[in-house]
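Worksheet: the structure to be examined is printed underneath.
The values are calculated or read from the model by the stated rules, or taken from the named source; none is laboratory data. This structure is a prediction, so every number in the text was calculated from the model and none was measured. Virtual Cβ from ideal backbone geometry, glycine too; neighbours counted across all protein chains shown. Side chains are part of the model used for accessible areas, which takes the heavy atoms of the whole protein and leaves out ligands, DNA and RNA. Shrake-Rupley method; radii C 1.70, N 1.55, O 1.52, S 1.80 Å.
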Amino acid sequence: MKKNVFILISLILVVSLLAGCQSKGPDKLVVAARGGSHVTAMEAVKEAFEKEHNVQVEILGLEAADLKQKISLDAKNKNGAYDVIMADDPWMPEFSEAGIFANLSSLGVTEDADFEASSLALGKHPYATGELYALPFSGNVQLFFYNKQLLDKHNYEVPQSWEEVLSMAKAIHEKDGVAGYVIRGQQGNPIVSDFLPIFWAYGGQVFDENWSAQIDSEAGKKALNTYMELLAVGVNYETTDIVSSLSTGQAAMALGWPSWFITGEEASAEYSPVPAQAADGAEAFATGMIGNWMMGVTANSKKPELAAEFLTFITSREIQKQMVEHGGVPTRKSAYLDSELSAKYKHFPVQLEALENSVARPRTPLWSRVEEALGTELSAAIAGTKTVGDALSTANQKINQIMK
């Protein structure tokens, strides 16, 4: 009797084990991503990887602030909830210093010269020269947008300097009664992102090599005076109104990000790289602000090797080209230079040129605080509550205090 009971229990255990093996599903990778078109593009192409590796790739789409907070909190756990994460490129210094990313070289991921160089540099720590911790996933960069009908009406070519932009803006405002230029002067990130390209065109740098603020400089004064003169013949709008005003001919020119004006093959305004000179004949500088979304493997991933394989897959040449059809923005030169894609997406050659002449925001984990301090003072200047000199002097003092 005891023998029969033992055999029965053994059979039950074997059946349970077999059933467990059969019911076990594929492995799972979890990607924490910026929601919207990035998720749509990845969802459209991930099946090939899932089938090849017998894995389920779960992609969580989050708003930027929520994404950053969740990644930062999860990084404190021994075993992370996320295997692959996206990061806005200004987060890279903070995330790298906090050890949130795994070193990609140790996972067998090597540099690829097909990535646009300024985009690839963002994933290294220290910036541009150090080890590789993230790959560029989405290659955003500022462009100069304009209403072609308004410029054609006055026989204007696309301006190459900010002196030209101001001259054209004044004439269009005077003769047509519309905004010659639109600034994005809201406090914080908007006004800082809108002002810095003009500052850079005057040869300005936010910091010197010792991380001492250089906002209160000759370049700073000239750039802010130009910015305020543009506002005097223009308007101060938020994103939606910037797009609609240029699209309808109520404004002539503005800076912006491609996704504001360009959807698929259609653009609601014409575009060019950001003017690189302060004045005609002056030295040309890189001016377009780069704004890539980066992607890397978490240091506390339970499946780092598989996560690295997915990262290599999702940023590969062929997959980047496929994702373009689903709203993806390339970071590889081969995608921008592909004859079929560039024939369909007319902005690709311009966007690649802009990326190749772009500027990264200062690589410090304190950038968000610096940006807030600078934005407050720029807003005070355009509101008329502070003079240009006072605003820049106070910005310099605040920034140096933050950097101590």
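See the values below:
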| read-out | value |
| --- | --- |
| Which numbered condition ALA395 misses (of (1) farther than 23 Å from VAL235 by Cα; (2) within 22 Å of the chain's Cα centre (by Cα)) | (2) |
| Condition met for PRO349 (closer than 30 Å to ASN77 by Cα and assigned by the TED database to the domain that holds GLU116) | no |
| Hits in the range 234-249 - residues which are open to solvent by less than 30 Å² (accessible area, probe 1.4 Å), among the hydrophobic types (A, V, I, L, M, F, W, C) and within 26 Å of ALA278 (Cβ to Cβ) | ILE242, LEU246 |
| Residues of the range 318-331 that turn out to be in contact with a strand residue (DSSP E or B) (Cβ under 6 Å, 6 or more places away or on another chain) and farther than 14 Å from VAL39 by Cα, as a count | 1 |
| Complete set of residues in the range 169-195 that are in a helix (DSSP H, G or I), of a type outside the set (D, E, K, R) and crowded, with 23+ Cβ neighbours inside 10 Å | ALA169, ILE172, ILE191, VAL192, PHE195 |
| Residues that are surrounded by fewer than 15 Cβ atoms within 10 Å (Cβ to Cβ) and either within 23 Å of ASN225 (Cα to Cα) or among the charged types (D, E, K, R) (or both), drawn from the range 150-167 | ASP152, LYS153, GLU157 |
| Residue in the range 337-352 that is farthest from LEU122 (Cα to Cα), counting only those that are more than 16 Å from the chain's Cα centre (by Cα) and in contact (Cβ under 8 Å) with a residue 24 or more places away in the chain | LYS344 |
| Filter result for PHE199 (touching a Leu at 6+ places or on another chain (Cβ under 6 Å), open to solvent by less than 10 Å² (accessible area, probe 1.4 Å), among the aromatic types (Phe, Trp, Tyr) and modelled with pLDDT of 95 or more) | no |
| Residue list for the range 265-283, restricted to those being open to solvent by 20 Å² or more (accessible area, probe 1.4 Å), over 14 Å from PHE144 (Cβ atoms) and in contact (Cβ under 8 Å) with a residue 40 or more places away in the chain | GLU265, ALA279, ASP280, ALA282, GLU283 |
| Residue selected from the range 202-222 under the condition closer than 21 Å to GLU163 by Cβ and hydroxyl-bearing (Ser, Thr, Tyr), by the criterion surrounded by the fewest Cβ atoms within 10 Å (Cβ to Cβ) | SER217 |
| Test: residue in the range 92-111 that is touching a residue at least 40 places away in the same chain (Cβ under 8 Å), surrounded by 21 or more Cβ atoms within 10 Å (Cβ to Cβ) and over 30 Å from HIS38 (Cβ atoms) | no |
| Elements of type helices (runs of 4 or more DSSP H) contained in the range 1-72, each with 2 or more residues being polar (S, T, N, Q), farther than 30 Å from ALA87 by Cα and at pLDDT below 85 | 2-23 |
| Residue among LEU73, LEU151 that alone is hydrophobic (A, V, I, L, M, F, W, C) and touching a residue at least 12 places away in the same chain (Cβ under 8 Å) | LEU151 |
| Residue within the range 303-320 that is in contact (Cβ under 8 Å) with a residue 12 or more places away in the chain, in contact with a Pro (Cβ under 6 Å, 6 or more places away or on another chain) and crowded, with 23+ Cβ neighbours inside 10 Å present | yes |
| Test: ALA307 is over 20 Å from the mean Cα position of the chain (by Cα) and assigned to a helix (DSSP H, G or I) | yes |
| Members of the range 80-139 that are assigned to a strand (DSSP E or B) and among the hydrophobic types (A, V, I, L, M, F, W, C) | VAL84, ILE85, MET86, ALA87, PHE101, PHE115, LEU132, LEU135, PHE137 |
| Given (1) under 20 Å from ALA252 (Cα atoms); (2) open to solvent by 60 Å² or more (accessible area, probe 1.4 Å); (3) of a type outside the set (S, T, N, Q), index of the condition LEU231 fails | (2) |
